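FYI, it's all coordinate maths here, none of it is from the lab. Computed from a predicted structure; not experimentally measured. With ideal geometry, Cβ positions are generated from the backbone for all residues, glycine too; neighbour counts draw on all protein chains shown.
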Amino acid sequence: MYPSHESYWDISKDRAVHIASTISQAQFMLTEYIHRAKTSPNEWLLLCRFADTVSAWEGQSELRDLRRFAEHLKNSCFESLYGYVNPVVAVEAEKEIILRTVPDYGESQGHDIAPAARLLKDYEQNGPVFTQAERNLILTYAYFMGDSLGTQQIASKMAAHDFSNRDIAVTCASIEAVNLA
C-alpha cells in the first residue's frame, strides 16, 4: 500500500493534516518520486508534466492515473538502464497530456490523435527519434488540425532534422489560430 497523498504529518501539531486541494495532493505525491530527478531526469520531467494535468474537478481518478504512471516509470527503470525515456511510454504520456490539457476543445472539435501516435511509435520502434517537445508538437498539430498528411510531413522533417525554427513558429501559429477560432 502506498502512503496517503491526502494528508501529511505535521510534526509541530503531532497529527495528520488533510490536504484539501487535488492539485496539492498531486504535488505532495510527487515528493515520493523526487529522487528520480537525478537518476531519470527525462522521466521525471514527463511525470511532472503529467502531474500538471491533474485538475481540481476530476480529482481522484487523475491522482490514481498519476500514481500508476509514477509507479510504472519507477518499476521499469527504463531511463536508468538505457539513458532515454521509453519512446512508446513517452508517446502515450504525451497523448494523454494533450487530451487532458484541452478537454473542452476535444469534445467539440478535437481530432483523433491515435494515428499520429502510431506514426511516432513506428518512427521510434528502435529507439528515440524525437525529443519530447517534438512529440508534443506533432501530436498537438494532429489534434488541432486533423491533417494526417501534414502530420506525416512534420514528423518526416523532424526525423530528418530538417525542421527549422521558422517551421516550428509557422506550425505553432497555425495551431494557435485554430485553437483560438
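HN-Hα J couplings of segment 67-81 from phi, Karplus 6.51/-1.76/1.60, θ = phi - 60°, integer Hz, Gly and Pro as x?
3J(HN,Hα) across segment 67-81, in whole Hz: 4, 4, 5, 4, 5, 4, 4, 5, 6, 7, 6, 4, 5, 4, 7.
Relative to the present Cα-Cα distance, how much length would full extension add between Tyr82 and Leu45 at 0.36 nm per residue of separation?
Working: separation 37, 0.36 × 37 = 13.32 nm, distance 1.66 nm.
Extending this stretch completely gives an extra 11.7 nm.
Between Ala177 and Ala37, what length comes free when the chain is fully extended (0.36 nm per residue of separation minus the Cα-Cα distance, one decimal in nm)? Can you show the working numbers first?
Details: separation 140, 0.36 × 140 = 50.40 nm, distance 3.54 nm.
Extra length available between Ala177 and Ala37 comes to 46.9 nm.
Please give the FRET efficiency for Ile168 paired with Ala114, using the beta carbon to beta carbon distance and R0 = 25 Å, rounded to the nearest 0.05.
Values: r = 24 Å, r/R0 = 0.95.
Taking R0 as 25 Å, the efficiency between Ile168 and Ala114 is 0.60.
Under a plain spin-label model, where a point goes 7 Å from the Cα along Cα-to-Cβ, how far apart in nm are Thr131 and Ser148?
Those two pseudo-labels are separated by 3.0 nm.
Give me Val170, Val129 ranked fewest to most by other Cβ atoms within 10 Å of their Cβ, as a rough exposure proxy.
Details: Val170 11, Val129 18.
So the ranking, lowest neighbour count to highest, is Val170, Val129.
Which shape class applies to segment 108-181: rounded if a/c is under 1.5, otherwise prolate when a/b exceeds b/c and oblate if not, where a ≥ b ≥ c are the square roots of the Cα gyration tensor eigenvalues?
Numbers: a/c = 2.25, a/b = 1.32, b/c = 1.71.
Because a/c hits 1.5 or more and a/b fails to exceed b/c, segment 108-181 counts as oblate.
Could you list Asp65, Asp122 so that the one with the fewest beta carbons within 10 Å of its beta carbon is first and the one with the most is last? Working shown, then result.
Working: Asp65 17, Asp122 10.
In increasing order of surrounding Cβ atoms, one gets Asp122, Asp65.
Most exposed first by the Cβ proxy, i.e. fewest other Cβ within 10 Å, how do Phe130, Phe144 rank? Display every interim value, and only then the final one.
Working: Phe130 20, Phe144 23.
By the 10 Å Cβ count, ascending: Phe130, Phe144.
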